[in-house]
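Just below is one structure, and these are the notes that go with it.
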Amino acid sequence: MSRAGYLALGDQLATSAEPLIRNLVRLAPIRILLNLFGRLGLRGRGLVIFLPYAWLALFFLIPFVIVLKISFADQLIARPPYSALWELSEKGYLTIKLNLNNYRFLIDDALYWKAYLNSVKIAFVSALICLIVGYPMAYGMARADKAWRNILLMLVILPFWTSFLLRVYAWIGLLNNNGIINNALLGLGLIDQPIVMMKTDFAVYVGIVYSYLPFMILPLFTALEKMDVTLLEAAADLGCKPLKAFFTITIPLSMPGIIAGFSLVFIPALGEFVIPDLLGGTDTLMIGHVLWNEFFSNRAWPVASAVAIAMLLLVLVILYLQSRFQRAAEAP
Amino acid sequence: MSNPRSRFVTAWMCMGFAFLYIPILSLIIYSFNSNKLVTVWAGFSTKWYGILLRNEQILEAAWLSLKIGFITAWIAVVLGTLVALCLTRFGPFRGRALLSGLATAPLVMPEVITGLSLLLLFVAMEQAIGWPAGRGTFTIIVAHATFALAYVAVVVQSRLVGMDPSIEEAAMDLGAKPAKVFFVITLPIIFPALLSGWLLAFTLSLDDLVIASFVSGPGASTLPMVIYSKVRLGLSPEINALATLLVAVVAAMVVGIGLFSARQEKIRQRDIQMAIAANK
């Protein structure tokens, strides 16, 4: 996309925005609000920092504190369905009740263990398949000539702009017993009866690889495009075989892209709900799906909160590992 | 491009792109199938489009989703730009690391966790201060703006970092106030990032099922929520028709933006030519 077009639009916007803002500031409610912020010592720079900070603290940080709190609460049949964590008695004593049962439940009930392990397995294998499928594609894109490169890049990004839910839905039509693939194979006489693909782990893998493949290709493409091709020429001049040069030069140099792509697929796949719900079978346990069911079907808010906290810890461990690997890969 | 290696890469790329596009193409083709059994071809028909456009529930949900997406995008662009400004232009300040963490965390947070935590916040707030009373459009907008602003912040930040700071410094040296510098110098330069950030926030909001399902209340069903409740029951030719319409809108937008920027580029080239000619 050309920058010039945006810049021309930007000029117009800016010339019209400045007087608009100046007039907005004069409006009574906004003047009173700004005055109030000003008295609190918030003007200019302070206000610019305060606004997003307050929003994120209220709507992102505090919610986690509440999840943590409710994960220690008792399940009640009430609205809302959990007990209070602390109570102030009439005499002024503060009692705090920490209930670890929800966490014990996670450890004792094999369902949760299996769901966590299965999620990690499915996410890992899917990321690996994405890497194998995506690497040659990113490689070909990075080495294509400039006009083609932009078109191919566009083709990778384009599915992002169409609905994720509908793209997963498309696979139901393809994988069903009387779906497009089975109909084609039956029509060609290659099989006698439909292959069961829907409601299996296979369908979940297909769905995840399909949905997240662009997340793998984009960072790989960026890493491969940046690469200095003369290194390969130098290696060839010195008698290195192309395949060896690929493994000793291209792969190590694209390592940051590999790690970025891998975690971009792995992390969202781990908490995926839509794909296992629509394509997976009843035995496809994934932790995002378990949390959803605990919450919506069982109305077990405290258990769902404990599942969320454990899942959060898992994500943090993965992010930590990712930053370690990334640093190691970028070190010379 | 004739040696076996590049032929392998080309063949692999063709298969990869086929994998990315065949499902979308299959949705489009079978939306014109007259059969109620979506994947069994029975002849060309556009009747499902008619039925779709008379489906009140879907139309209402689509309208609600567009409204939510529109408001979400504006909030996310304003807050995301403020975050990006704080992180790139304000130097070190107290709590900078926390702000940076808070602004990137929604990118990697599983949707189920974000949805659950926001719902529990809204429930706790309603209990404590009676606001927001009930859940619906408002709570969905707040939830969507919170995660969309993180995406906007990333897009705008990379633009701010890549921008030449000397222009802003020159304006400052000439006595322009920070707010004026922002509106006259910085804003036009980062405008492409704001536009793509806006579109990204709008799309993210329009596309979200999980978070909206958590924080929504009775009576506020967004388009993905309605699609999901239909799709759970199996294939539906109406949903195929809806998908085709959405793909057509996206494709038209992409072609439109492409043509627009090509035209702007031509104008710019002409201006440069004229400027050169005038200076001769």
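If only one of A:Ile217, A:Ile287, A:Ile275 is farther than 19 Å from B:Ile211 by Cα, within 13 Å of another protein chain (Cβ to nearest Cβ) and buried (at least 18 other Cβ atoms within 10 Å of the Cβ), which one is it?
When all the criteria are applied, what remains is A:Ile217.
Take the conditions of a type in the set (Ser, Thr, Tyr) and not in a helix (DSSP H, G or I) and apply them to B:Thr104. Does it pass? If you could, list the steps in order and put the result at the bottom.
Numbers: of a type in the set (Ser, Thr, Tyr): yes; not in a helix (DSSP H, G or I): no.
Against the criterion (of a type in the set (Ser, Thr, Tyr) and not in a helix (DSSP H, G or I)), B:Thr104 does not qualify.
Yes or no, residue by residue, for (1) touching a strand residue (DSSP E or B) at 6+ places or on another chain (Cβ under 8 Å); (2) modelled with pLDDT of 90 or more:
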position: B:Ile189; (1), (2): no, no
position: B:Ser196; (1), (2): no, no
position: B:Leu199; (1), (2): no, no
position: B:Pro237; (1), (2): yes, no
position: B:Ala241; (1), (2): no, yes
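Looking at the stretch B:261-270, can you tell me whether even one residue there is crowded, with 16+ Cβ neighbours inside 10 Å, assigned to a helix (DSSP H, G or I), at pLDDT below 85 and among the small types (Gly, Ala, Ser)?
Among the residues of the stretch B:261-270, at least one is crowded, with 16+ Cβ neighbours inside 10 Å, assigned to a helix (DSSP H, G or I), at pLDDT below 85 and among the small types (Gly, Ala, Ser), which makes the answer yes.
With respect to A:Leu190, is the statement that it is within 30 Å of B:Pro4 (Cβ to Cβ), loosely packed, with under 14 Cβ neighbours inside 10 Å and aliphatic (A, V, I, L, M) true?
For A:Leu190, the condition - within 30 Å of B:Pro4 (Cβ to Cβ), loosely packed, with under 14 Cβ neighbours inside 10 Å and aliphatic (A, V, I, L, M) - is met.
So which residues in the stretch A:159-177 are more than 7 Å from chain B (Cβ to nearest Cβ), surrounded by fewer than 20 Cβ atoms within 10 Å (Cβ to Cβ) and either part of a helix (DSSP H, G or I) or touching a Leu at 6+ places or on another chain (Cβ under 8 Å) (or both), if there are any at all? So that I can check it myself, show each step before the final result.
To start, the set of residues in the stretch A:159-177 that are more than 7 Å from chain B (Cβ to nearest Cβ) comprises A:160, A:168, A:175, A:177.
Next cut, surrounded by fewer than 20 Cβ atoms within 10 Å (Cβ to Cβ) only: A:160, A:177.
If the condition is that a residue be more than 7 Å from chain B (Cβ to nearest Cβ), surrounded by fewer than 20 Cβ atoms within 10 Å (Cβ to Cβ) and either part of a helix (DSSP H, G or I) or touching a Leu at 6+ places or on another chain (Cβ under 8 Å) (or both), then A:Phe160 is the only one that fits.
How many residues does the stretch B:221-246 contain that are within 26 Å of B:Ile141 (Cβ to Cβ), in contact (Cβ under 8 Å) with a residue 12 or more places away in the chain and part of a helix (DSSP H, G or I)?
Residues meeting the conditions: 10.
For the stretch B:3-34, which residues satisfy the criterion of being within 25 Å of the chain's Cα centre (by Cα), facing another protein chain (nearest Cβ under 7 Å) and aliphatic (A, V, I, L, M)?
B:Leu20, B:Ile24, B:Leu27
B:Leu194 passes all but one of (1) of a type outside the set (Lys, Arg); (2) within 15 Å of B:Ala62 (Cα to Cα); (3) within 10 Å of another protein chain (Cβ to nearest Cβ); which number fails?
(2)
Which one is farthest from the chain's Cα centre (by Cα), of the residues in the stretch B:35-51 that are more than 13 Å from every other protein chain (Cβ to nearest Cβ) and in a loop (DSSP other than H, G, I, E, B)?
By that ranking, first place goes to B:Gly43.
Given the options B:Phe260, B:Phe202, B:Phe214, name the one that is within 9 Å of another protein chain (Cβ to nearest Cβ), of a type in the set (Phe, Trp, Tyr) and in contact (Cβ under 8 Å) with a residue 24 or more places away in the chain. Full working, then the answer.
Working: B:Phe260 fails: in contact (Cβ under 8 Å) with a residue 24 or more places away in the chain; B:Phe202 fails: within 9 Å of another protein chain (Cβ to nearest Cβ).
Matching residue, one of B:Phe260, B:Phe202, B:Phe214: B:Phe214.
Among the candidates A:Met227, A:Met286, A:Met255, single out the residue that is in contact (Cβ under 8 Å) with a residue 12 or more places away in the chain and within 19 Å of the chain's Cα centre (by Cα).
A:Met286
Mind counting the residues in the stretch B:177-191 that are surrounded by fewer than 19 Cβ atoms within 10 Å (Cβ to Cβ) and within 8 Å of another protein chain (Cβ to nearest Cβ)?
Total meeting the criteria: 5.
Looking at B:Ile129, is it within 13 Å of another protein chain (Cβ to nearest Cβ), touching a residue at least 12 places away in the same chain (Cβ under 8 Å) and out of contact with any Gly (no Cβ under 7 Å at 6 or more places or on another chain)? So that I can check it myself, show each step before the final result.
Numbers: within 13 Å of another protein chain (Cβ to nearest Cβ): yes; touching a residue at least 12 places away in the same chain (Cβ under 8 Å): no; out of contact with any Gly (no Cβ under 7 Å at 6 or more places or on another chain): yes.
Judged against the criteria, B:Ile129 is not a match.
Having 2 or more residues that are more than 26 Å from A:Ala57 (Cβ to Cβ) and more than 15 Å from the chain's Cα centre (by Cα) is the bar; report the helices (runs of 4 or more DSSP H) wholly within the stretch B:136-204 that clear it.
Of the helices (runs of 4 or more DSSP H) lying wholly inside the stretch B:136-204, those with at least 2 residues that are more than 26 Å from A:Ala57 (Cβ to Cβ) and more than 15 Å from the chain's Cα centre (by Cα) span B:165-173, B:178-181.
Considering the stretch A:134-185 alone, what residues qualify as being in contact with an Asp or Glu (Cβ under 8 Å, 6 or more places away or on another chain) and over 30 Å from B:Arg5 (Cβ atoms)?
Within the stretch A:134-185, A:Ser163, A:Phe164, A:Leu165 meet the criteria.
Looking at B:Leu107, B:Leu118, which one is in contact (Cβ under 8 Å) with a residue 12 or more places away in the chain, facing another protein chain (nearest Cβ under 7 Å), out of contact with any Cys (no Cβ under 6 Å at 6 or more places or on another chain) and among the hydrophobic types (A, V, I, L, M, F, W, C)? Walk me through how you get there before you give the answer.
Values: B:Leu107 fails: facing another protein chain (nearest Cβ under 7 Å).
Checking each option against the conditions leaves just B:Leu118.
The values are calculated or read from the model by the stated rules, or taken from the named source; none is laboratory data. Computed from a prediction, not measured in an experiment: that's the story for all the values here. We place every Cβ from the backbone using ideal geometry, glycine too, and count neighbours over all the protein chains shown.
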